[in-house]
Structures are given as structure tokens and as C-alpha cells.
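A quick write-up on the structure given underneath.
The values are calculated or read from the model by the stated rules, or taken from the named source; none is laboratory data. Quantities reported herein were computed from a predicted structural model and do not represent experimental measurements. Cβ coordinates were reconstructed from backbone atoms using ideal geometry, including for glycine residues, and neighbour counts include every protein chain displayed.
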Amino acid sequence: MLPPPVTAHDGPGSGDRGPAAALRQVVDAELDAWDSPPVESLAREVRNRYGDGVAAILFYGSCLRSGCPEGDGLFDLYVVVDDYRSSYASRWLATLNAALPPNVFYLQTHHRGRRLHAKYAVVSIRDLLRGTSLRSFQSYWWARLAQPCGLLYARDHGARRVAVRALAQAVVTYLSRTTPLMQGDFAARDLWRRALAESYRAELRPERLPAIERLVMAAPRRYEAVTQAAAQVTTALTRTEGGYRARVTGRERWQARQAWRLRRLQGKTLNLLRLAKAALFTFDGGLDYATWKIERHAGVRLEPPPWVRRHPRLGTLVMAWRVYRRGVLR
């Protein structure tokens, strides 16, 4: 079943016309604007694991931005499935995925003699559409999927339309949540810097301003294009001669600030729960991944003690709690 429109601007019978269509066209065009044979081999392995229930596979994150030549790096994938119950042999895994999506797994395969590493997140079509829409309060989904993504696989045209709709929704939701925080005239890059800063503060990912600046400047034309298209859809954002301006009341601005404060508490809590779920139930090799991730994002090198290596699932949780208490992940 196809998803609902991006916003109320795109009403019944609008088809592919109207303001929302312009944003979907921008998103659709960028889905194929990359070339990575190594990651395509990862997609094939995922399809072997989940079969015909895979509707689409999305590629995002640092390896998409850098290209990760010859598979050097950890690839990030979203595996979009029809439903959880038919995707797993284990009812327990299906229940976990439904209760706190996504389930995250580790994947290793080979391409031209080189070992490839990926983590992939399994999400249903329903949860993907709900999580990227304006109905979703938590930033986990729309903050990630509003950034550049590639489409590794779509089962059919309908599945591609679902992916495009979700990614377009993510852009609208992200900018709608962030625009009220902006003052005066601002450029698209300023809006995205603020958006990224706010969403990183709502997670256990302490990206600093230079890293955020690199994210925006890695694709400035892309961010300008989606902002222009989103300005036709969201009522909060309007174009001016100097760039853009927030079209909100003082009350809406205050509400947006309070909402982001709540997201910080919600996001960190849910991230800890997702980390615990992955460490205990789904993510083999999670200890090495967690220490690598902390070193990459926080600049802190951790060497797990021997007992943690002997009990990696429990050890990952203990180390995560310790580094959080030390302020590394604040």
C-alpha cells in the first residue's frame, strides 16, 4: 500500500502534481547518483537473508558521503520489509523490532577478495512512513533520512515510491521542526547546520561543530535544492531575497524550543535502549563496533578489559554506561 501524502498541501487526486511533487523529484533523482559495487554485494547478501519480503534497501551515512573506495569502512543500510513477523524465523526478534524499531544487525561479506562490513537496520514500511512523518515526535528517523541516501534495491516501482515518499517526508519534518528556531534571514546551509546540531544533541552522538560543518559542505547544492523544494510544502519556511525566513509566531518558536529539550531526554533514553537491544540480542561483534564508534565520534580510545571480551554482551552494556557517566556520550 502506498503511503499518505507528504503534507496536507498534496491532497486527494493530486497525483504527482503540486508542491510536494517537486520535493519528491529532487529526492528521487539523488537516489541513483552514486556508484558503489562493493555495497551492492552487501545488498545481495541482505536479500538472501530476507527474501521476497524486502521492499527496499537504502544506503546512507559516512560511506555514502565519502564513497568508501574498495569497501574500506562500515556501511550503513536500512532494510525496508513488508512486516516483521514474516521477516524473521524468530517471533522474539519480530516482537523486539515492533516494540522498538529498528533491529540492528552486523553483516560481513566479500567483494573481489576484500572483506566488507556493514550494519543494517530492519524497519517495516509502516514504521518507516510513520517515523518520517510529521506525526513522529522523536528525531531518530527523520533526522537520518533527511540526509542524502542512495537506493540499493527496490522490489518494484511501488516500493521505490514508498522510499521516495518517506525520504521526502523526512526532509519536511526535519525542517518543520527546526525552522522555528531560526532568527531573521538565513541561508539553507545555516538551517541545516542548526538542524544537525539539534538532532545530534538528542542522541548519544557528540558530533562537534566542525564535523557538522563538513556534513553540510559535503553536498551544499543538495541541501539548497531540498530546502527550496521543502519551502513550497511547509508553512513554517518561506523564501526571501536574502534566503529564507521562519514564518512562525512567538508561541510556535517557544514550543519548538521546548520540544527539542524533550527530544534530548527522549532520544538519549531510546538510544540507550536500542544499544542494549543490539548488544544483547542482535548485533554480533557489537563490542568492537561500539568502541570504534565512540573513538570516531568522541575522540576517546577505549580498550575493553579481558572480562568484557569474555562476556561481550554484558560488557558492551557496562562500558556504554561507564562512558556515558564519564560524559563521553553527552
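Before moving on, here are some points about what is shown:
- Qualifying residue in the range 117-138 (condition: in contact with an Asp or Glu (Cβ under 6 Å, 6 or more places away or on another chain), at pLDDT 95 or above and closer than 22 Å to residue 218 by Cα): no
- Residue 253 meets each of the listed conditions (1) under 16 Å from residue 184 (Cβ atoms); (2) surrounded by 20 or more Cβ atoms within 10 Å (Cβ to Cβ); (3) touching a Pro at 6+ places or on another chain (Cβ under 9 Å) apart from (2).
- Only one of the numbered conditions (1) surrounded by fewer than 22 Cβ atoms within 10 Å (Cβ to Cβ); (2) within 26 Å of residue 247 (Cα to Cα); (3) over 18 Å from the mean Cα position of the chain (by Cα) is not met by residue 96, and that is (2).
- Of all the criteria given as (1) farther than 20 Å from residue 169 by Cα; (2) touching a helix residue (DSSP H, G or I) at 6+ places or on another chain (Cβ under 7 Å); (3) of a type in the set (Asp, Glu), the one not satisfied by residue 198 is (1).
- Residues of the range 64-79 that turn out to be modelled with pLDDT under 80 and out of contact with any His (no Cβ under 9 Å at 6 or more places or on another chain), as a count: 6
- When we screen 248, 233, 226 for residues that are within 23 Å of the chain's Cα centre (by Cα), in a loop (DSSP other than H, G, I, E, B) and surrounded by 13 or more Cβ atoms within 10 Å (Cβ to Cβ), the only hit is 233.
- Considering (1) of a type in the set (Ser, Thr, Tyr); (2) closer than 17 Å to residue 273 by Cα; (3) touching a residue at least 12 places away in the same chain (Cβ under 8 Å), the lone condition that residue 95 does not fulfil carries the number (3).
- Criterion violated by residue 121 - all others in (1) farther than 28 Å from residue 172 by Cβ; (2) small (Gly, Ala, Ser); (3) surrounded by 15 or more Cβ atoms within 10 Å (Cβ to Cβ) satisfied: (1)
- Residue 191 vs. criteria out of contact with any strand residue (DSSP E or B) (no Cβ under 6 Å at 6 or more places or on another chain), in contact (Cβ under 8 Å) with a residue 24 or more places away in the chain and farther than 22 Å from residue 134 by Cβ: no
Residue by residue, here is whether (1) under 23 Å from residue 192 (Cβ atoms); (2) charged (D, E, K, R); (3) at pLDDT 65 or above; (4) in contact with a Leu (Cβ under 9 Å, 6 or more places away or on another chain) holds:
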| residue | (1), (2), (3), (4) |
| --- | --- |
| 212 | yes, no, yes, yes |
| 221 | yes, yes, yes, no |
| 238 | yes, no, yes, no |
| 265 | no, no, yes, no |
| 274 | no, yes, yes, yes |
| 303 | no, yes, yes, no |
| 314 | no, no, yes, yes |
| 319 | no, no, yes, yes |
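- Among (1) farther than 22 Å from residue 268 by Cα; (2) not in a helix (DSSP H, G or I) - the single one residue 213 does not satisfy: (2)
- All of 194, 165 fail the test of being surrounded by fewer than 21 Cβ atoms within 10 Å (Cβ to Cβ) and either basic (Lys, Arg) or not in a helix (DSSP H, G or I) (or both), apart from 194.
- Per the listing 229, 236, the residue uniquely touching a residue at least 60 places away in the same chain (Cβ under 8 Å), in the same structural domain as residue 123 (by TED's automatic domain parsing) and touching a Lys or Arg at 6+ places or on another chain (Cβ under 7 Å) is 236.
- The residues of the range 197-239 that are under 21 Å from residue 66 (Cα atoms) and of a type in the set (Lys, Arg), listed by number, are 205, 208, 214, 221, 222.
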